[in-house]
1. Order of 133-145, 78-90 by packing, highest average Cβ count within 10 Å first?
2. How long is the gain from residue 20 to residue 163 if the chain were fully straight, where each residue apart is worth 0.36 nm and the alpha carbon distance is subtracted?
3. Out of every Cα-Cα pair in segment 149-223, what percent are more than 19 Å apart?
Amino acid sequence: MRLAQGDFARETVYGDDPVAVAESFCDQGAAWVHVVDLDAARTGEPRNRPVVEAVVAAVAGRAAVQTGGGVRSVDDARSLADAGVARVVMGSAAFLRPELVERVAAVVPVAVGLDHRGLTLAVHGWTETTDRLVTDALGAFPAADAFVITDIARDGLLGGPDLSGLAAAVAATEQAVIASGGVSSLEDLRALAGIAGLHGVITGRAIYEGRFTVAEAVETLAQ
């Protein structure tokens, strides 16, 4: 399922078999599968962890799995690492306890999720706004393997990514930056590929609604 602008009241369900979806992504050449436990992101309870584990098992040897939502302790990270998750995404916990990122990074690579409205960061499943800016956070987590930057105002709306903001973020850090939110077309992917140093892009709704296929996306970025 997908949310519009992080709003749990504006969800769209695209299917009830995440494992089959992940396998189809791999069949089309995806090297990574990004999984978010939205329930855990909001409540902290990892209700969908068995689903994450099933996805990891299904794509093992073909794609790496990056997962977020409810990763709030070293034990959470260790459980996911033991299941074969290649990288965990930490958002709320990273900002509430920055030292936790370094401890988790000793167990499994960490991507810090920088979810923002405007340039102001949001936490707890995007339900609370903080007074911190994306630019402040980029230098605050030296142990992070990557940053996943999501423009909440664009996420799930197919309005195009925040190219200038992402370019500024890439220029401000030597750590990997992954774009998320707003991708609607192959042209958007080409535009993102034009940001020198951008590490990757996450796209969901555009694929689920047939704007392009995973295979077309992989081919476009390979070019």
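1. Descending packing order for the listed peptides: 78-90, 133-145.
2. 48.3 nm
3. Value for segment 149-223 (Cα pairs over 19 Å): 28 percent.
Here, each number is a calculation from the coordinates, and none is a lab measurement. A quick note: this is a predicted structure, and the numbers were derived from the prediction, not measured. Note that each Cβ is placed from the backbone with ideal geometry, even for glycine, and that neighbours are counted across all protein chains shown.
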